[in-house]
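Taking it in order: structure first as structure tokens, then the write-up.
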Amino acid sequence: MSEIRFRSYSLLPPVVKNLLIINAIMFLATWVFKSRGIDLTNWLGLHYFTSSSFAIWQPVTYMFMHGSFGHLFFNMFALWIFGAALENTWGEKKFLFYYMLCGIGAGMIQLLVLGLKIHSLSQNLPPDAIQMITENGRMVLNEGKNYLGDMGKLNLAINAVTVGASGSVFGLLLAFGMLYPNSMIYVYFLLPIKAKWFVIIYGAMELFFGVAGTNDGIAHFAHLGGMLFGLILILYWNRGNRFFKWKFPFFKKKKTHRYTISSNYQYNPQ
């Protein structure tokens, strides 16, 4: 058994810290501006291309917006848990690039899936119904209402807004599972499971719920998009590296190595 010590491991590295601060500030700003009649979510959240509310900056800004405190808390908790380990491993610039790419990629996949859904639903509706949705759909949603049937589904696809750092967070989860496949993750702080199995199970669940088309208000394909772009980038970074641990993948047996990060954190990848 070999032991490698990271001498300058930080529990709150600078990029993770600043991302936490930015997300918290944007959440507070959303509620402050909302009380004054300004909807930041509509400006900065991600809308579909044909929506009157779409803007070119939204594929970046949407990942700093959150719909509720619970949404913010769990995303930021995961960002800290997985992001701290990855930033200490990769360094600030590489980690930030990975985080942003996963978030933008997740948004692009979400728009692609919405486009396919919009095309399918549009085939079943007359042109005047589509025009009504395009012109008035956003206002209907703002009033807490929606159309019935396929009109309602199409209205949500065109005019609903996507927010949250979940796409980036799922990219971090994938990277953690690839770099530390045998580290233990405690689901709900109680149930231990190795990171590699957690990634596989969670990814499969997101795929199932995305294909099943559940109306839970969660952008499952955006989560998968974050994981997909993260996978592509990590494989690109490690192309030609024969010693890369995650080579299809999780199942290859290797000697145990102990990585002692600090007195508080310990990973045991194999």
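The values are calculated or read from the model by the stated rules, or taken from the named source; none is laboratory data. On a predicted model such as this, the values are computed, not experimentally measured, just so you know. Cβ: placed from backbone, ideal geometry, glycine included. Neighbour counts: every protein chain shown.
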Open item on the list: Exactly one condition in (1) of a type outside the set (S, T, N, Q); (2) more than 15 Å from the chain's Cα centre (by Cα); (3) under 27 Å from Leu114 (Cβ atoms); (4) part of a loop (DSSP other than H, G, I, E, B) is false for Gly37; which is it?
Closed with: (3)
Open item on the list: Just to be sure before I move on: is Asn18 surrounded by fewer than 19 Cβ atoms within 10 Å (Cβ to Cβ), modelled with pLDDT of 95 or more and assigned to a helix (DSSP H, G or I) in the structure I sent?
Closed with: yes
Open item on the list: When you check Asn182 against the structure, is it at pLDDT 80 or above and assigned to a loop (DSSP other than H, G, I, E, B), yes or no?
Closed with: yes
- [ ] State all residues of the stretch 204-238 that are at pLDDT 60 or above, under 18 Å from Val163 (Cβ atoms) and exposed (fewer than 13 other Cβ atoms within 10 Å of the Cβ); if no residue qualifies, say none.
- [x] Gly217
Task: Top-ranked residue of the stretch 156-173 - restricted to ones that are part of a helix (DSSP H, G or I) and at pLDDT 90 or above, ranked as surrounded by the most Cβ atoms within 10 Å (Cβ to Cβ) - done: Gly167
Open item on the list: Just to check your reading of the model, which residue among Lys153, Lys194 is surrounded by fewer than 24 Cβ atoms within 10 Å (Cβ to Cβ), more than 28 Å from Thr61 (Cα to Cα) and either touching a Pro at 6+ places or on another chain (Cβ under 6 Å) or at pLDDT 75 or above (or both)?
Closed with: Lys194
Task: Those residues of the stretch 118-132 which are assigned to a helix (DSSP H, G or I) and over 15 Å from Tyr147 (Cβ atoms), in sequence order - done: His119, Ser120, Pro127
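Kindly establish whether Leu44 is touching a helix residue (DSSP H, G or I) at 6+ places or on another chain (Cβ under 7 Å) and farther than 16 Å from Ser10 by Cα.
For Leu44, the condition - touching a helix residue (DSSP H, G or I) at 6+ places or on another chain (Cβ under 7 Å) and farther than 16 Å from Ser10 by Cα - is met.
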Task: Options Ala29, Ala106, Ala84; residue that is among the hydrophobic types (A, V, I, L, M, F, W, C) and farther than 30 Å from Trp237 by Cα - done: Ala29
TODO: Run Ala106 past the list (1) within 20 Å of His220 (Cβ to Cβ); (2) assigned to a loop (DSSP other than H, G, I, E, B) and report the number of the one that doesn't hold.
DONE: (2)
TODO: Determine whether Ile25 is assigned to a loop (DSSP other than H, G, I, E, B), of a type in the set (A, V, I, L, M) and over 21 Å from Ala222 (Cβ atoms).
DONE: no
- [ ] Could you tell me whether Asn241 is out of contact with any strand residue (DSSP E or B) (no Cβ under 8 Å at 6 or more places or on another chain), over 28 Å from Leu121 (Cα atoms), at pLDDT below 75 and among the polar types (S, T, N, Q)?
- [x] yes
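Let's see how each residue does on (1) charged (D, E, K, R); (2) buried (at least 23 other Cβ atoms within 10 Å of the Cβ); (3) within 14 Å of Gly226 (Cβ to Cβ):
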{"position": "Trp43", "(1), (2), (3)": "no, no, no"}
{"position": "Ser52", "(1), (2), (3)": "no, no, no"}
{"position": "Met65", "(1), (2), (3)": "no, yes, no"}
{"position": "Lys93", "(1), (2), (3)": "yes, no, no"}
{"position": "Tyr98", "(1), (2), (3)": "no, yes, yes"}
Open item on the list: Would you confirm whether or not the stretch 156-177 contains a residue that is of a type in the set (A, V, I, L, M, F, W, C) and over 22 Å from the mean Cα position of the chain (by Cα)?
Closed with: no
Open item on the list: Among (1) surrounded by 15 or more Cβ atoms within 10 Å (Cβ to Cβ); (2) within 15 Å of the chain's Cα centre (by Cα), there is one condition His47 misses while meeting the rest; what is its number?
Closed with: (2)
